[in-house]
Amino acid sequence: MKGVPIRVKLTAWYAAVLLAGMSLFGAGVLFGLERRLVAGVDAWLDGRVAGLSKVLEIEGGLKNPEELKTELAEFAQEMPQGELLSMTDPAGKRLLPAKGQPVFEAQPGLGQGEYRTESRGGKRYRVLRSLVRYRGAGYEVAAGASMEETEAALRMLKELLLGLIPLVLLVACLGGYWISGRALRPVDEITEAARTITVQNLSQRLTVPPAGDELSRLSQAWNETLERLEGAVGRIRQFTADASHELRTPLALIRTTAELALRRERPAGEYREALAQIEHESEKMAELTEALLELAREDAGVTAMPLTKSDVNEIVQEVGRACRGMAEERGVKLETMLAEGPAMAAAHTAGLRRLLLILVENALHHTEAGGSVILKTALNANGVKVSVADTGEGIPAEALAHVFERFFRVDGARSGRGRTGLGLSIAQGIAQAHGSELTVESEPGLGSTFTIWLKPAK
Ligand code: ADP
C-alpha cells in the first residue's frame, strides 16, 4: 500500500467493510426468511394431517370402507394441492389418493413425524410423513406441499441482493471517495503552503481551517513551529549582526590608530602610545571572539557538560580565592559563606567555575570601593543553592528582564575592557546545561543577587 493516496486507502477500507457488512446482512435475511417460510409450509402440512385425522374421526365409523375412501377423496379434492395427500389404512390398503390419480408418497428414509424437502420430476416439495391414530390403529399419512412459490420468493430476494449489493457498493465507494477527497483537501493545501515557506519568508503562516478539527490543529501546530523557527532564526540573525557590529568598532579603532600613526614621522613616545592603544583594542577583540566562540559552542551543543557529583563548596572557595586579588584591587570586600559540610550536587566543575567567575567579576565591576560581594552556598532537599550578592549599583527594573540577552548592557556602553554584554548569556547557557536557571534580583542603589539551584547528585 506504499505510495497509495490516503483517499484511495480509505475508500478501499470503507468498501471492504461495507461489503462484509452487506454480505452478512444479506445472508442473515435470506437464512431467516427461508426458515420462516419453511416453518409456515410445515405448519400448513400439519394442518393437512390434522384435517385428515378429523375426517377419520367423523367418518371412521362407516361400515363400508369404500364410503370412507369417498369421503377422504372429497376432502382432498376441496383442499388446494389435495393431490399431494396419501393415506393407507392399518392393513396397508390405500385410502388416498382416489383410484386413477398419481400416488404422492414420502420417499424412503423419512421417519414418522418428519419433514423433508424432496425433488421429484424436477420440482421441489416439502413432505411430512405421519401416523394418524384412530381407535388404536395407525393410518399412515403423507402430505406434500409445493415449494415452488417459497423458493421463487427466496430466489428473487437472492437476485435482488446480488444485484443491489454491487450497486450500493459502487455508489457508496464513489461517495466515500468524494467525501474523503473533500476532507483531505486542506492537507494538500497545507502541504502546498508548507512547501513555499523558506528561511526568507518565515513570517508566512498557514491558514487555519475554522472547523477546529484535526486539520486545524495540524495547521496550528505548523504555525507554532514556524513561530519558534522564526524566533530562532531572528535571534541568530541578530546575534550575527551584533557580533559583526561589536567586532567592527575595535577593528576600526585599530585601523585608524595605525593610519594616524603612519601618516607622518612621530617621536617614539607617540608610536608607543598608538601601539598600546592597538594592543588594548586587539585584546578586547580577542576576548570578544573568545566569548562568541563560547556561545556558538553552547548553541551547537558541542560543549558537552557531563555532570558529576561535585562539592560545590570547594568550587566556590576556589573562585573566591581566584578573585581575591581583583577584589583587593577594586577595594571591595569579597566574602564566602559556605553551607556546613560538603555541598554535593550534580555539576560540571569547570563550567560552574566559569559561571561563578562571570558573576563575581560582574559583581566586583559594578560595586564601588568599600562595598562587598558575598559568595554563598545553602543546602536543602532541592539541591544546593549558590548565590553571588553585591552591594553595588544594582540593575534598573526595566533592564532586569534583559540582562541575560546577548550583547545587552545596561548602560549600553561599548567601551571598557571585557564588557561585551555576553557574560551573563554565557553564564545562563552553563546554568541551562545544569538543567537549571540563573535568576537575578536587584534593587538599584542597593545591589544585586544572582542565584542558581544545582540539583542533588544521584
Ligand atoms: P558584560 O560582559 O558587559 O558585563 P553581562 O552579560 O555580564 O555583560 O551583563 C549584562 C549587563 O548586566 C551589564 O551591562 C551590566 O550593566 C549588568 N550587570 C551584570 N551584573 C551586574 C551586577 N552585579 N550589578 C549591576 N549590574 C550588573
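The values are calculated or read from the model by the stated rules, or taken from the named source; none is laboratory data. None of these values were measured; they are calculated from a predicted model. For accessibility, only protein heavy atoms count, side chains too; no ligands or nucleic acids. Shrake-Rupley method; radii C 1.70, N 1.55, O 1.52, S 1.80 Å.
At a probe size of 1.4 Å, how large is the accessible area of HIS434, to the nearest 10 Å²?
For HIS434, the solvent-accessible surface is approximately 10 Å².
Shape of the chain from its Cα gyration tensor (a ≥ b ≥ c, root eigenvalues): rounded if a/c is under 1.5, otherwise prolate when a/b > b/c, or oblate?
Taking the square roots of the gyration eigenvalues as a ≥ b ≥ c, the chain is prolate.
Order PHE407, PHE31, most accessible first, counting only protein heavy atoms with a 1.4 angstrom probe.
Output order, biggest surface exposure first: PHE31, PHE407.
How large is ³J(HN,Hα) for each residue in region 24-31, as worked out from phi by the Karplus curve 6.51 cos²θ - 1.76 cosθ + 1.60 (θ = phi - 60°), to whole Hz, x for Gly and Pro?
4, 4, x, 4, x, 4, 4, 4
Ignoring everything but the protein chains, give the 1.4 Å probe accessible area of GLU279 in square angstrom, nearest 10.
110
Rolling a 1.4 angstrom probe over the protein heavy atoms, how many square angstrom per residue are accessible across region 6-155?
Ligands and nucleic acids excluded, the figure is 58 Å² per residue.
I'd like the carbon and sulfur percentage of the solvent accessible area for the chain, probe radius 1.4 Å, heavy atoms only, ligands and nucleic acids excluded.
The computed percentage sits at 57.
Using the Karplus equation 6.51 cos²θ - 1.76 cosθ + 1.60 (θ = phi - 60°), what ³J(HN,Hα) coupling, rounded to whole Hz, does each residue of region 438-448 give in order, writing x for Gly and Pro?
8, 10, 9, 10, 8, 10, x, x, 9, x, 10
Hey, what angle do you get for helix 214-262 against the long axis of the chain, alpha-carbon based, 0 to 90 degrees rounded to 10?
20
Provide VAL171, VAL319 ordered by accessible surface of protein heavy atoms (probe 1.4 Å), highest first.
Highest to lowest solvent-accessible surface, that is VAL171, VAL319.
Looking at the P(r) of region 308-454, how many percent of alpha-carbon pairs lie beyond 20 Å?
The share of Cα pairs beyond 20 Å in region 308-454 comes to 44 percent.
Please calculate the 1.4 Å probe accessible area of ARG217, with all protein chains present, and give it to the nearest 10 Å².
Approximately 130 Å² of ARG217 is accessible to the 1.4 Å probe.
Against the longest alpha carbon principal axis of the chain, how many degrees, from 0 to 90 and to the nearest 10, is the axis of helix 423-433 turned?
Tilt of helix 423-433: around 40 degrees.
Helix 65-78 versus the longest principal axis of the chain: what angle, 0 to 90°, nearest 10, using Cα atoms?
40
Give the shape of region 60-142 as rounded, prolate or oblate, defined through the alpha-carbon gyration tensor: a ≥ b ≥ c are the square roots of its eigenvalues, a/c under 1.5 means rounded, and otherwise the shape is prolate if a/b is larger than b/c and oblate if not.
Oblate, because a/c is 1.5 or more while a/b does not exceed b/c.
Beyond 23 Å, what share of the Cα-Cα pairs of region 6-155 remains, rounded to the nearest whole percent?
Here the long-distance tail beyond 23 Å is 47 percent of all Cα pairs in region 6-155.
Please list the non-local residues whose amide H lies under 5 Å from the amide H of THR336, H modeled 1.01 Å from N, same-chain partners needing a gap of 5 or more.
LEU375
Can you list the lysines whose alpha carbon sits under 21 Å from that of LYS333, skipping same-chain ones fewer than 8 residues off?
Those lysines meeting the cut-off are LYS376.
Tell me whether region 214-300 comes out rounded, prolate or oblate; compute the Cα gyration tensor, take square roots of the eigenvalues as a ≥ b ≥ c, and use a/c under 1.5 as the rounded threshold.
It is prolate, given that a/c is not under 1.5 and a/b is the larger ratio.
Kindly sort ARG228, ARG129 by accessible area of their heavy atoms, largest first, with the probe set to 1.4 Å.
Descending accessible area places them as ARG228, ARG129.
What value, in deg cm²/dmol to 500, does the helix sum -39500 (n - 2.57) over DSSP H runs of n ≥ 4 give at 222 nm once divided by the residues of the chain?
That comes out to -19500 deg cm²/dmol.
Can you work out ³J(HN,Hα) from phi for every residue in region 172-178, in order, using Karplus 6.51 cos²θ - 1.76 cosθ + 1.60 and θ = phi - 60°, giving whole Hz and x for Gly and Pro?
Going residue by residue, I get 5, 5, 4, x, x, 4, 5 Hz, with x marking Gly and Pro.
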